[in-house]
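Following: one structure in C-alpha cells, then a few remarks.
Every number in this text was worked out from the coordinates using simple rules, so none of it is lab data. In this text, all values refer to a predicted model and were calculated from it rather than measured experimentally. Ideal geometry is used to build each Cβ from the backbone, glycine not excepted, and the neighbour counts take in all protein chains shown.
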Amino acid sequence: MSTLPQFTTFSACEETFRTACDAGADLIFLEDSSVSIRHHSHSSGIFRTLCQTAQTLIDDRPIILGCNIDMLAHDSHLSTIDAILQVCADEQIIHIRIQDPALQTSVLAIIPNAHIHLATETGNANCTGHDFHASTNINRIVFTNETPASTMSTSMSSTNCEWETQVFGPVLLQYSDRRLLAAITNGDDFSPNETAPLAMQTTQGETGRRFRFSDSLLGSCMFDSADRSLLSSMNLLAPLQLTSWLFDGRGENPEYLKTAMTCFRKEWQRYQELGENWEASAILGGMLKSVCPRALRPGFFRVNKTDRFDDEPDESHRIKPLARVLDVYRKQCLVILCLEDIPTGTDIHITSPNGYSATTTLNDIRNLDGTPCEHAPEGHLVRIPWHKGMVSQAEVFFAKDCS
C-alpha cells in the first residue's frame, strides 16, 4: 500500500491555524502580508507572534511549520524578506516556500539548512525546467495547476525531487488562446505587426480581491472563479505518489478546509482498498460540493479542457482550415492565425462553433497595427473584416472547398 501524501495548507492567524490543525494538516505554511501576495489576512508585523503561537498550539502533534514567501521580489523587498527569514531561523522553521527562484540565495544565507519549496503559481513549467530547478537548491517543486497527470509522471520519473500539486481550493484563472501576452512591452521592443496591443487594467473578482492583469483591448478579467478539485480523479492522483497534496482554504470558513481534507483522506483510502474497481464516491463528492461557494472544476486542469480522456476523432477526411479566429472585436475586425499563406482576393468561408457561417471575398487584410497588406503569411496574426456571429475558434476555409 502506498503512503498518504502530506496534507499541506496555509495560515496567517491563530484562528486559521487552529482550523488547519483540526482538519488534520501535516504541513502548515505561515504567512505575513508583507511577503505573501495571496494572503487573506492583514497580518503584517505579527509574524513572530504567529510563529510562537503556532509552536504552542502544535503541542505534541507531528505538524511541520513553514513560511510562505510567494511574492516576485524586487531589490526593495529584500530587507523585508530577510527580516521574515530571520524570524524563521530564530523559531527553527526551515520549510520555506517561494515563487521567485532567485530567492533561494536569500533563504540559504539566513537558513543554511532550509528545505526550499518552489511554487511558480503564475508561470508554466515543463520537464526541462523541473530538471533545472531540482539541480539547484530546490528540495520540492509544486506543479502548476495546468500540468496534466501524464506530465507529472514524466517529471517525477526523471527528476530526483519532492513533488506537490494543489488538489483542492480556488484557482486563479487567466486564460487566452490569442497569444497576446507576448505584447507586454518594454519601450521600443514592441512590434505592433507581431501581435495585438494590450491594456493594463485592474479588475475585481468574485471575492472582492484585486488583481492586475494584461490582456486584450476588450479587457478580459483575471479572477478566482472556481474551486479545483481532484477528488473524482483519485485514480490518476493516487498512483502518482506525490510527496504532498495542497489544500488552499484561505479566506473560507473552517468547514471548507476540514471537509476537503476529510473527503480526500477517505477517498484515498477507498482507492487503496478497491484498486481498479474504484469509482468516485457520490456521497463524498456531495459533501465536498456542499461547502464550496464556487463551481467545482474536477480533473487535471479540465478548467481549460487541456486533458482528453476520450478517443481522438478520425480527422483524415476533414478539410484543412486556412486560418483560425483567435479574437473578435465586434463590428471592427477578426484576428486570425494563418495556417497557410492567404492572398488578398481569396474567396473564403468562415464557420463558427456556435452555428454561424459566412462566405466572402477577402479584399481587406491588415497587420495588427492596421497597416494594409497584400497577403497573410502562414503563422502570422492578421486582421480581417468582422462578420456577425463569429467567435474565437471559428475556422476559415477556401470557399470552393465548402461549396
| query | Residue-wise, which Karplus ³J(HN,Hα) couplings in Hz belong to segment 22-37, taking 6.51 cos²θ - 1.76 cosθ + 1.60, θ = phi - 60°, and x for glycine or proline? | reply | 5, 6, x, 5, 9, 9, 10, 8, 7, 10, 10, 5, 6, 10, 10, 7
| said: If each residue of separation counts as 0.36 nm, what is the full-extension length gain between ARG330 and SER157 once their alpha-carbon separation is subtracted? | reply: 57.5 nm
| note | Residues meeting the amide H criterion for PHE10 (H placed from the backbone, H to H distance under 5 Å, 5 or more places apart or on another chain) are PHE29, GLY249
| Kirkwood hydrodynamic radius for segment 40-105: how many Å is it when counted over pairs of different Cα atoms? | 12.9
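So for segment 125-172, averaging the separation of alpha carbon pairs under 8 Å that are six or more residues apart and normalising by length, what relative contact order in percent results?
Relative CO of segment 125-172 lands at 44 percent.
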| remark: Put in order of increasing Cβ neighbours within 10 Å, starting from the fewest, ILE93, ILE350, ILE58 give ILE58, ILE93, ILE350
| How about LYS388: which lysines have a C-alpha closer than 22 Å to its C-alpha, ignoring those fewer than 8 places off in the same chain? | LYS331, LYS400
| said: For LYS266, give me every one of the lysines with a C-alpha distance below 30 angstrom, ignoring sequence neighbours fewer than eight places off in its own chain. | reply: LYS258, LYS289, LYS305
